[in-house]
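See structure below.
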Amino acid sequence: MDTRVVAKCTESPALRGQLEHISREIDLCKKALVAFLEGKRRKFSRFYFVSEVTIVQLSVSYTHLRAHE
């Protein structure tokens, strides 16, 4: 990545504020995802041996299948 581009973009106070806001929102999403995954793992102990990505994929697939019933 060209750090000069990143540095140039963050010179704008408005853009910097937007980027900081987006970063905070991403952090909230990460925390919510971790809580969701922990809930799934508590409910289904076998998920402790499955990666986080796989659990999300399984949940999305299940939701998608249920929507078509």
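Just so it is clear, none of the values below were taken in a lab; they were calculated from the coordinates. Remember, predicted model here, so these are calculated numbers, not experimental data.
Express the C-alpha Rg of the chain as a ratio against the empirical globular expectation 2.2 N^0.38 Å, rounded to two decimals. It would help to have the intermediate numbers written out before the result.
Values: Rg = 18.2 Å, N = 69, 2.2 N^0.38 = 11.0 Å.
Normalised Rg, Cα atoms only: 1.66.
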Within straight cross-link reach of Lys43, meaning Cα distance under 23 Å, which lysines are found once same-chain residues fewer than 8 apart are removed? Lys30, Lys31
